[in-house]
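Below: the structure, in structure tokens.
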């Protein structure tokens, strides 16, 4: 099995004080030479993921799960430790992020697609499937500001589901839209996750979906590494906590 | 140096994103207005009209070619003004995107500069007939124009890159810049000719204010049929230094920006 993600002792810290400042507070801090307090959103977390594996990440609110996804996605660079990624992770666009309301759904597919790191050619190759899956019909040529939130979510999901890279980062496995579309999107999601050529990291509060998909689970608590093992072992330990 | 090369490569890789961000913003800016893209041309014309009324009509100054002299400098100024003010808040207005996708941050100020550049280029549509009406002296020196535009592009890019990061560190920079930019415009020879500056100060003036050579070059090439101002070389060098500093600062502050916007 080839190693896709290799994270060693990664740590991410944030400044505790309000860092963007006016000239006044800048001068004040500068004169006082105030030592900047920092807090760790993640520290000493080590894990590896190989091709085809599905890593579930669990932990209470604020334990650093989303921060971890952002490190893998290349948005945060580790302040400590190092991470090696062999391949391209797909971006973490939550559905509809980056949509411009004034332009059409069709144009937004291209805008969103290039944001996700795809070429125009790749998007063009998938555009008809994306539109069909979204069930938007002629609405695709309307400005997105005329869409209902359900329509926006459907288009966002359809783009994310059809334009994926070899490493998928998922923040909560959710179906979107009405009952029928929810089922359809959940099935599509399952298909993507279970595709053996992909490497997947799922962050979720929903232990059911973690149990269903994950081949192994990483548990972090209050920014620290707790456990990394096969799914049932970690979930049992987590539930007995 | 190698990190700058890497950043430039990465910006180039994201050129499709830059293109789509610009076209989305262009369409978004003018959709819903009755005249649409026509405003791109009308905006600078109206601004010129205000100054023409002030200078030519009220103060009876400026001479017969004042409208085109002013317009040739004004459109370049508007390009710089829009780019630098929009860059100040570009990371904050793209917060969600920056915290979701891994792209070089410089693409945000760069797209602001290119967006305003399109508006600038569109201003040549009314400029050309105006030059004919007001009897501009066309000559071979008109061929300098693309070079002057490139020099302004470099300088505008440099300042915008620097301001994009500075705007994150100092929230009240916006208020200060509004004032500084107004002052800078009146300090530059757009509403008046460079000959108004006393002879003994002219060298200092040209060195201190890069827009002096830029505005003078636009006027020379477009209206007088003369060569650009020689101080433009200094302006180009300054621009390159600013681009270098700006890129370096954007790269260095990336982590801070992503975490603190």
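Before moving on, here are some points about what is shown:
- Positions within region A:86-122 being over 19 Å from residue A:143 (Cβ atoms), assigned to a loop (DSSP other than H, G, I, E, B) and more than 9 Å from chain B (Cβ to nearest Cβ), in sequence order: A:86, A:87, A:88, A:90
- Each residue in region A:39-70 was checked for being within 26 Å of residue A:211 (Cα to Cα) and part of a strand (DSSP E or B), and 15 pass.
- Hits in region A:13-41 (condition: at pLDDT 70 or above, within 12 Å of chain B (Cβ to nearest Cβ) and surrounded by 12 or more Cβ atoms within 10 Å (Cβ to Cβ)): A:13, A:14, A:15, A:38, A:41
- All positions within region B:9-32 that are farther than 17 Å from residue A:100 by Cα and either out of contact with any helix residue (DSSP H, G or I) (no Cβ under 8 Å at 6 or more places or on another chain) or not in a helix (DSSP H, G or I) (or both): B:9, B:10, B:12, B:13, B:14, B:15
- Unique residue being within 14 Å of another protein chain (Cβ to nearest Cβ), surrounded by fewer than 18 Cβ atoms within 10 Å (Cβ to Cβ) and at pLDDT 90 or above when the list is B:226, B:252, B:248: B:252
- Test: residue in region B:177-195 that is touching a helix residue (DSSP H, G or I) at 6+ places or on another chain (Cβ under 7 Å) and either within 14 Å of chain A (Cβ to nearest Cβ) or farther than 26 Å from residue B:54 by Cβ (or both): yes
- Any hit, region B:135-146, residues being part of a helix (DSSP H, G or I), surrounded by 18 or more Cβ atoms within 10 Å (Cβ to Cβ), modelled with pLDDT of 90 or more and touching a helix residue (DSSP H, G or I) at 6+ places or on another chain (Cβ under 7 Å): yes
- Pairing residues of region A:110-139 that are over 17 Å from residue B:17 (Cα atoms) with residues that are in a loop (DSSP other than H, G, I, E, B), at Cβ distances under 9 Å and at least 6 apart in sequence or on separate chains, gives A:126/A:118; A:126/A:163; A:130/A:163; A:135/A:177; A:136/A:142; A:136/A:147; A:139/A:147.
- Subset tally (residues that are over 15 Å from the mean Cα position of the chain (by Cα) and assigned to a helix (DSSP H, G or I)) for region B:51-79: 13
- Residues that are within 17 Å of the chain's Cα centre (by Cα) and within 14 Å of chain A (Cβ to nearest Cβ), drawn from region B:136-173: B:164
- Of all residues in region A:47-70, none are facing chain B (nearest Cβ under 8 Å) and under 30 Å from residue A:140 (Cα atoms).
- Candidates are the residues of region A:71-85 that are within 11 Å of chain B (Cβ to nearest Cβ) and not in a helix (DSSP H, G or I); the one that is nearest to residue A:199 (Cα to Cα) is A:85.
- Test result for residue A:151, surrounded by 19 or more Cβ atoms within 10 Å (Cβ to Cβ), in contact with a strand residue (DSSP E or B) (Cβ under 8 Å, 6 or more places away or on another chain) and away from chain B (no Cβ under 14 Å): no
- Screening the candidates B:111, B:100, B:93 for the property of being without any contact (Cβ under 8 Å) to a residue 40 or more places away in the chain, within 25 Å of residue A:111 (Cβ to Cβ), within 14 Å of another protein chain (Cβ to nearest Cβ) and surrounded by 19 or more Cβ atoms within 10 Å (Cβ to Cβ) yields one hit, B:100.
The values are calculated or read from the model by the stated rules, or taken from the named source; none is laboratory data. Computed from a predicted model, the values in this text were never measured in an experiment. A quick note on method: Cβ atoms are made from the backbone with ideal geometry, for glycine too, and the neighbour counts reach across all protein chains shown.
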